[in-house]
């Protein structure tokens, strides 16, 4: 009896999820197939963005300036900066809390100069409690927080790039 009730509830739940439009996230569709990125090869954000775009198998990323004419769109990176700001001190003047920021400003344009995404800034920040007796552990935590912010920023950028429509490219 319990098994039958469980099966009935499970089937009802699955049917309601299907009916509400629930679907797993898919790789985005882009209006372009080639993108020139001015992010340096050594930039962690550049590496993550190229990896994510190429994983979709829909966009080829060009980084060589000599091949810029092969690109349909150009991602102009205006700012790619990591910031570390002290937000509180203890009574001895030692750092108690830091704020980590990842600031990324960009615009997307066609090869002819037509602006598809205007000058946009993405700013992510995380707070980090600091303890001078655990410096190595806090450095590792800081690196982890920056990597998390970087992944989040790339996902936000992917959604913005996917929002560009084919009609805007002509």
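The DSSP beta bridges internal to the stretch 25-169 are antiparallel in roughly 80% of cases. Straightening the chain between residue 115 and residue 131 buys 1.2 nm, computed as 0.36 nm per residue apart minus the Cα-Cα spacing. Extent along the principal axes, Cα only, for the chain: 65, 61, 23 Å, with the longest axis given first.
In terms of its alpha-carbon gyration tensor, the stretch 90-170 comes out prolate; a/c meets the 1.5 threshold, and the first ratio a/b outweighs b/c.
Note on residue 84/residue 151: beta-carbon distance plugged into 1/(1 + (r/R0)^6) with R0 of 25 Å gives a FRET efficiency of 0.85.
Of interest is the spacing of the C-alpha centroids, which for the stretch 112-170 and the stretch 51-78 amounts to 18 Å.
Readers should treat all values here as calculations from the given coordinates under stated rules, not as data from a laboratory. As the structure is a computational prediction, the values presented were derived from the model and not from experiment. For neighbour counting, all protein chains shown are included, and Cβ atoms are generated from backbone atoms with ideal geometry for every residue, glycine included.
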